[in-house]
Structure formats: structure tokens, C-alpha cells
Amino acid sequence: MTLVLLPGMMCDGRLFQHMPHHRCLDISQHYTVEALASDVLRNTPETFALAGLSMGGIVAMEVIRQAPERVTRLCLMDTNCEAETEQIKTMRQPQIDKALAGKLVTVMRDEMKPNYLANGQHRGEVLDLCMEMALDLGPDVFARQSAALRDRPDQKKTLANWDKPTLILTGAEDRLCPLHRHESMAELMPQATLTIIQDAGHLPTLERPNETHAALERWLEE
């Protein structure tokens, strides 16, 4: 069974560099979550296992809304099933404007990266990798992904209708998508397993790769 992984905002396959035997898809080419999910479905086998982190999880939820029969099992990591709040929406356009004006480094450094990680031994290395991925993707991708997140649909009904094997995984110290959001998602899916990775923030695949990989292996074997 093919495992498809969807990365978070301004991340690429390096987000999953410690996860063997998978296929990571790009989710940077469109301005809506719906179009990004349609792209995923065009570029995957007839059936596949699907895991997404942060924005990748948001796109994954739209994939199972559009074509639940195609996905055999689902993993949602450090993500959010709700529509964007008005407070966060108001922050998006100023960030987009800065990024397109040549200040992507500033936006990532001052407004986004500080919220990503727990304090840990490899925090500096992981933050450097996050910046490298963001700069490689560039400001146009930042604008498209920001717009997609801003206008995303609420997916609580989608999750309530989903009944296949599911892993909900989060870093215990994730401040962007805190634990209570994952507990709420688990309540919508009685079949789901909730796994909390200690000493990790928003990017457990990089912060605590061994523990995260082990959790994914258990989920794939269910």
C-alpha cells in the first residue's frame, strides 16, 4: 500500500526525511484547499494511505471529503479541522504583502518560526531547515498557501463521517495547533487513536523522528 505524505506550509519532503517508504506530494500550486486536494487525487494510485502534517493535514481532510473511497487510512498530525478564525484571517494579507515585497525571511523568522518548535537539543538545526525549505519554495508559494489556509472549509462533518483507521498525532508542546484541537478531532472519530509526542512542538517528524515514525508504523499495521 502506497503511503502518501502531505507537508506543512512552506515545507517540502525534507519535513519527512526520517520517514522511510513513502511518497511526499507537493501542495503549493493552487490558491484553494479544494484545488490542492484535487491535485493529490490526480497524482496518487487508486487507493492509498494518507498522512498530512499541519497544512498537509488540512488538505488531507479535503481529500477524504472529495474521495473517501480512495483513502484506506488517515493520519492527521499537528493540524486543525476548523475554518480559519477571523483573527488569523486578518493577519494573512499583511504577511502575504510582506513576503511578496521581498521580506519572506522576516515573516518566517519573526512571525512564524518562533511558534513551531519545543525547546530541545536540535531546535536550532530544525529551525534552520524550516527556513531553508521556506526560502527554496519562495514568496509566491507563501502567498498561495496563505490564501488556501485563509479560505479553507470547516471539516468537522467530514471527520464525523469518516470511519476508517485513523491516527491523530501531535507534539505535546504544539502552540500553533494545541492538544485540545486534536482531542476534539478524536471525539469526532471513535475509531481514531490519539498519540501525543512528548518534547515536541509543531513538527514532531523533525523534533522527535523516532517516536513519530514508530507511531506511524503502528498505524500502518492496524
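The values are calculated or read from the model by the stated rules, or taken from the named source; none is laboratory data. These numbers were taken from a predicted model, which means no experiment stands behind them. Virtual Cβ from ideal backbone geometry, glycine too; neighbours counted across all protein chains shown. For accessibility, only protein heavy atoms count, side chains too; no ligands or nucleic acids. Shrake-Rupley method; radii C 1.70, N 1.55, O 1.52, S 1.80 Å.
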Restrict the search to the stretch 143-222; then list the trypsin sites (Lys or Arg not before Pro) that DSSP places in a loop and that have at most 12 other Cβ atoms within 10 Å of their Cβ.
none
Taking the solvent-accessible surface of protein heavy atoms with a 1.4 Å probe, what is the per residue accessible area of the stretch 112-222 in Å²?
46
Which semi-axes, in whole Å and largest first, does the equivalent ellipsoid of the stretch 85-193 have when worked out from the alpha carbon gyration tensor as the square roots of 5 times its eigenvalues?
29, 19, 12
Gained length - ARG23 relative to ALA101, 0.36 nm times residue gap less alpha-carbon distance
24.7 nm
Residues whose modelled amide H sits under 5 Å from the amide H of THR195, counting only those 5 or more places away in sequence or on another chain, are ILE168, LEU169, THR170
How much length is gained on full extension from THR2 to ALA160, taking 0.36 nm per residue of separation minus their Cα-Cα distance?
54.4 nm
Could you calculate the contour length gain from GLU111 to GLU217, that is, 0.36 nm times the residue separation minus the distance between their Cα atoms, to one decimal place in nm?
34.8 nm
Ignoring everything but the protein chains, give the 1.4 Å probe accessible area of ASP110 in square angstrom, nearest 10.
90
Using the alpha-carbon centroid of each, what span in Å lies between the stretch 34-55 and the stretch 119-187?
15
What is the distance, in nm, between label points placed 7 Å from the Cα along the Cα-to-Cβ direction at GLU187 and at ASP136?
4.0
Label zone at THR72, where the point sits 7 Å out along the Cα-to-Cβ direction: the stretch 1-30 residues whose backbone N lies under 13 Å:
1-4
Expected 222 nm ellipticity per residue - DSSP helices of 4 or more, -39500 (n - 2.57), all of the chain, to 500
-13000 deg cm²/dmol
Quote the convex hull volume per residue of the chain, based on C-alpha atoms, as a whole number of Å³.
104
